[in-house]
Every structure is written in C-alpha cells, then in structure tokens.
1. Once you sort the root eigenvalues of the Cα gyration tensor of the chain as a ≥ b ≥ c, which label holds: rounded (a/c under 1.5), prolate (a/b larger than b/c) or oblate (the other case)?
2. From the backbone phi of the range 312-323, what are the Karplus-calculated ³J(HN,Hα) couplings (6.51 cos²θ - 1.76 cosθ + 1.60, θ = phi - 60°) in whole Hz, Gly and Pro given as x?
3. Which percent of the accessible heavy-atom area of the chain goes to carbon and sulfur, probe 1.4 angstrom?
4. Rounded, prolate or oblate for the range 18-118? Axes are the square roots of the Cα gyration tensor eigenvalues, ordered a ≥ b ≥ c, and the cut-off for rounded is a/c under 1.5.
5. Structure shown: which of K183/K459; K2/K463; K98/K462; K75/K462; K185/K470 lie over 21 Å apart, alpha-carbon to alpha-carbon?
6. What are the aspartates and glutamates whose alpha-carbon lies under 15 Å from the alpha-carbon of K388, with same-chain residues fewer than 8 places away excluded?
7. Separation between the A313 and D419 pseudo-spin-labels, each 7 Å from Cα along Cα→Cβ, expressed in nm?
8. Give me the number: length gained by fully extending N262 to E285, i.e. 0.36 nm times residue separation minus the C-alpha to C-alpha distance, one decimal in nm.
Amino acid sequence: MKNYQMPKDFLWGGAIAANQAEGAYKVDGKGVSLADLHKYYPDKSNAEIAEEQHKGMSLADVKANMADTEGYYPKRHGIDFYHTYEEDLELLSEMGFKNFRTSIDWTRIFPTGEEEEPNEAGLAYYDRLIDKILSLGMEPIITILHYETPVEITLNYGGWNNRKVVDLFVKYGKVVLDRYKDKVKYWIVINQVNLIQFEPFNSTAIPYDTVDNYLEASYQAVHHQFIACALLKEYAESINPEMMIGTMMADCTAYPYSCDPNDVNLALRRNRMQYFYTDVQFQGEYPQYALNYFAENDIHLEITEEDKQLLKAHPMDYLGLSYYYSQMVDSTKNDMNPSSVTPNPNLKANPWGWAVDPQGLYNSLSQYWDRYHKSIIIAENGFGMYDKLEDGKVHDDYRISYLSEHIAQMKQAMYDGVDVIAYCAWGPIDIISCSSAQMEKRYGFIYVDLDNEGNGSGKRIKKDSFDWYKQVIATNGEQL
C-alpha cells in the first residue's frame, strides 16, 4: 500500500436523492411520490421510527397522509434544491467534485405514472440540472428510481407486484434515457434494489395490508424490477452502447456472531440471499439456493420463459454499492430476515444504531468483486450525526474520521485488485434523512440551516469536513 496511487481518472464526488433534496412539492406539474407521504413524528424515538420503516405503510396510512393538511412532510420541502441547485453545485465544485449522483423524480416526468406524454416542465428542470453538473466538470451519475414511485401506482395497481407497472416504468425510463443519452454515461436503474425488508413500502409501493403474503408480493415486485432493469439495459444498448447501466445494492451482508457453526451457517445463508439480487442481475438466472428459499417459505413467483431469456441476455454493467455500517447475526436470536441482527460488541454506533466498521467496506467490496469481477461505484457512504452550529461553524471531526478510515479501506481493496471507479460521499450537503425524515440526521460537508420542521434560514455553511474533503480530492486520496 505504501506506493499505491489511485487512478488519475478516479471519480471523487457525492450523492443525493431528488426526493430528499429538491422540495418544490407539486411545482411545475410534479405529482405525489411515495416519499412525499413520509411524515415527521417529533415524539417518536429513533428506534420507533426505524420500526415503522421496517413495517411499511397500510393503505389507510397512504390515504390518510395524502389527505393530511396539518402534519409536516419534510421531503415535500427538502432543502429547496430545485431552486438552489446552481449555488449548491458550485459549492460542491469548489471542493473539486469529479462526479455528482442524483435521481430523476419519476413524478416530475409522469406525475401519476399513467400519462401518455411526459411533463415537459419536469424534463426542462433536469435539462438545466444536468447541464449545470456538466458545466462544472462533474460526471453525472443518474438514478432512474430512488423511492419516487408515483402514489397512483399504489392506489391503482397495488404496487410493483403488478406486472403492468413494468410497462409504466419502462416508458418513463426510455424517455430519460433518450433525453440524456449523450450527456449521462452512468445510470443506476433502481436504488438499493434489495431493501424490501428495510424499506418495504418505499421499495415496492405495496401497502402491507393489501396482500395475503407480503414477502411473496415483495419478491414478485423485485422480479418485476429485475425485468424493468433488463428492458432498459436492452434499450440503452440500442440507442447508445457507451452508456453504463448499473444495479445498486445496500450492503446488508452479515458477520457470524461467533465461530459456532450455527452462527457461521446462518451468516452464510443470509449473505447468499443478499447476493441473490446481483446473482440474478449479473449472472442472468435465479440461483438454486434462492429457488429453495422461496419454496421453503411458501413464495410462488410468476417468472416466464421470456423473462428468463431477457435476464440472461441483458445483465447489468456495474455495481453501485451503498455502505454505512456492518451487521452481525446470532443463530440463537436472529433469523433469515435481513433486519434481524445482533449488536456487535466490538464496534461503536451512531445515535441511530449504525455500527461504524471501516473494515466492513473492505470486506464487502472484496466479496462483490471476487464473486462478479464487475466494476463498482461506491454510490453512498457517509456518517449521519447530530451536528452543532456554534459561532457560525461546525466542527465535525467525527465525520472526517469516519470517512478517512473508510476511504483508506477502499484504497486497500483497490490495491488488492477491486475495480472501484467512483466514490460518492452520501449527502455532501445536508438533506432530509431517508429513513427517519429528520433534518438533524446530517451527513454533509455543507450545513443547511433548517431544523426537523423546516424552520431556519436555509443558509449554507461549510463544515470543517468541507476543507478536508477538498484536500482529499486535490491529492487524489493521498492525504486523508
């Protein structure tokens, strides 16, 4: 490692999601997305909020939140990036960003998902945004779906487990691929396709009380997302073969609690059902262990011969990976549900229970590379924390420590042969938290003066980590 140097064309940068940053609710014809239904609950603990996320939403919840005129829905407001993107991107450019990852909000292009023609005002906004990214010398990395499914997909189709949703999404995907085929090289079709048991409603748009077998419906939804990905990959090949179409995983692999063979076996089986998603999308077929798992859990999927041929013919080009923390499983306490975990006594956690484990990133990158030999973009990596603004400054040495240690482990993985082509620090400017809908769970190098209920000036303030990351990029990762 002493003499290892990062590739000169390595893409340093950061990532946000449209639904967490843009705001501009219903502006320029925007429809209502699933993210717009997430209410802020000031009286709930972080643990209670996480439990609600893992549960998902009922149909009654969906309708009630749509009709609610009293509650505060933070993602409808974001940080007003829709109107401030030029100034915000210039701040990121000041740090030297080489990439910027964001999403296109489906409901800005097809407000209900069912329109025949796209909303030109929404496309015009993304024209301006992508042109600004490019003008600042950044490579845009664009996610086509980042929890922004139109609510009508839930109300009129029941969610992604309905095969008809594939056609609606592919219609939208083709519009944006056509529009930006000569401006955007790197595409992620669906954000964190594996989070059906952490973000079930966001991922599948299925209310938990509308199906008899929620797990079966969720895996059917994922199958339809696999098909949508393959169809868009096929289309991208026909209009510009230079485009790179990727899938994205949140790292949910787990360590065994001990060397007890039962713990080791549970970790193995749990991890395989994480690799299942990429096995299908990279190797083009459903592995036998997954088919066995489905049979053992009364999960019956509708998979046609045409589906199998499509998946085989159009595998994804690269892996986008989000990594924040590691997990551990104890066979006496945990089961096959990815959200069933045991705290690791060797690691410290942030206030939301996310265990800080830089070596876990090395482990994850290495395992995915060894399994597929596909290029990897670290699509998200960051440290959520309560930041204090004191005398106009934020001293976030804990964030610098977290990121520097993770980047060091990324470099170790690259030294060992892993082809990492980009690093996207999550939330380089403070945005609304996906999981908790809180503003105070901050990740950024740039502080945004807003609280959990949207109060504040909205002023942007550079944290100590701003200058640190600027130096990291300037030295191409030599100075951490």
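1. Note, shape of the chain comes out rounded.
2. 5, 7, 9, x, 6, 7, 8, 10, x, 10, 9, 9
3. 47 percent
4. oblate
5. Going by Cα-Cα distance, K183/K459; K2/K463; K75/K462; K185/K470 fall outside the 21 Å limit.
6. Result set, ordered by chain and number: D396, D397, D430, E440, D449, D451, D464.
7. 2.5 nm
8. Roughly 5.4 nm would be gained on extension.
The values are calculated or read from the model by the stated rules, or taken from the named source; none is laboratory data. Every value quoted in this text rests on a predicted model; they were computed, and no experiment measured them. All Cβ positions, glycine included, derive from the backbone under ideal geometry; neighbour counts span all protein chains shown. Just so you know, the surface numbers come from the protein's heavy atoms only, side chains and all, with ligands and any DNA or RNA stripped out. Shrake-Rupley method; radii C 1.70, N 1.55, O 1.52, S 1.80 Å.
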